[in-house]
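The values are calculated or read from the model by the stated rules, or taken from the named source; none is laboratory data. Predicted model, so just to flag it, every value in this text is computed and none were measured. All Cβ positions, glycine included, derive from the backbone under ideal geometry; neighbour counts span all protein chains shown. With ligands, DNA and RNA removed, areas are computed over all heavy atoms of the protein, side chains included. Shrake-Rupley method; radii C 1.70, N 1.55, O 1.52, S 1.80 Å.
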Amino acid sequence: MCGRYAVQHDPAALAEEFEAADRTGGEVAADFNVTPTKTVPIVVQRGAERSIRPVRWGLIPTWAKEPGNGPPMINARAESITEKPAFAESARRRRCLMPATGWYEWKPGDRRRQPFLCRHRDGASLAMAAVFSAWWAPDSTDRPLVTCAVVTTDAVGELADVHHRMPLVLPRERWADWLDPRRTEIGELLTPDEGMLDELALHPVSIEVNSMRNNHPDLLRQVEPVPEPAEQAALFES
């Protein structure tokens, strides 16, 4: 996953879709070009309440001395999430869902920088498996900085033709198990659901996505892909 996605629904609509309470306090809104370190909505379960909360995308472990050292950890590999020190504690106790209309992807080495969008065939939001962490500054009594990372797995089918990794997308019947903080063994939840994969669709979108400054609904619209370099040359020769 290259680190860009879209959320076309506002928190109130997401709360209805995920059967959760909106606890975002106006800190997030629809975003058609989400980039790392932005504040994003996540779904968490604590006690009897499932809620939508605002957090920063790019996980900071609880034991980090300070935030901002090195690139943000926006992704966590499903194959190693329960073992890597940065993610293991969160994988056991602090799991969440990151709602998404879809995620953007680019083929490695593509000089055109042609973006593709992967989304649910029927337009429903995707539930990307994720983990979160709360970091407190030393000797601080302020609110903690809560951050998150998307769980990724090997891409399959046509998705693998674009990029070798993809988010772990959970079907509705797995949401409760993933969100349950009392469940510490999650191995069986880290395998992609074949039925869910059949519900995903991939299509090219505007190269406007390439600039994080562009942020509007038309970024989600399917377009004709930018021609390959050889095709572009043929156009001038004809």
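Kindly indicate the residue of the range 105-155 that is charged (D, E, K, R) and without any contact (Cβ under 8 Å) to a residue 60 or more places away in the chain and also surrounded by the fewest Cβ atoms within 10 Å (Cβ to Cβ) among those meeting that condition.
The selected residue is 139.
Kindly indicate whether residue 28 is assigned to a strand (DSSP E or B), among the hydrophobic types (A, V, I, L, M, F, W, C) and surrounded by 16 or more Cβ atoms within 10 Å (Cβ to Cβ).
So residue 28 fails the test.
Run residue 65 past the list (1) in a strand (DSSP E or B); (2) among the basic types (Lys, Arg); (3) open to solvent by 70 Å² or more (accessible area, probe 1.4 Å) and report the number of the one that doesn't hold.
All conditions pass for residue 65, except number (1).
Within the range 165-174, can you find the residues that are touching a residue at least 24 places away in the same chain (Cβ under 8 Å) and either in contact with a Gly (Cβ under 7 Å, 6 or more places away or on another chain) or open to solvent by 50 Å² or more (accessible area, probe 1.4 Å) (or both)?
Result: 171, 172.
Pick from the range 12-25 the residues that are more than 27 Å from residue 221 (Cα to Cα) and of a type in the set (D, E, K, R): which of them is most open to solvent (accessible area, probe 1.4 Å)?
19
Could you please find all residues in the range 36-53 being touching a residue at least 60 places away in the same chain (Cβ under 8 Å) and open to solvent by 10 Å² or more (accessible area, probe 1.4 Å)?
Within the range 36-53, 44, 45, 46, 50, 53 meet the criteria.
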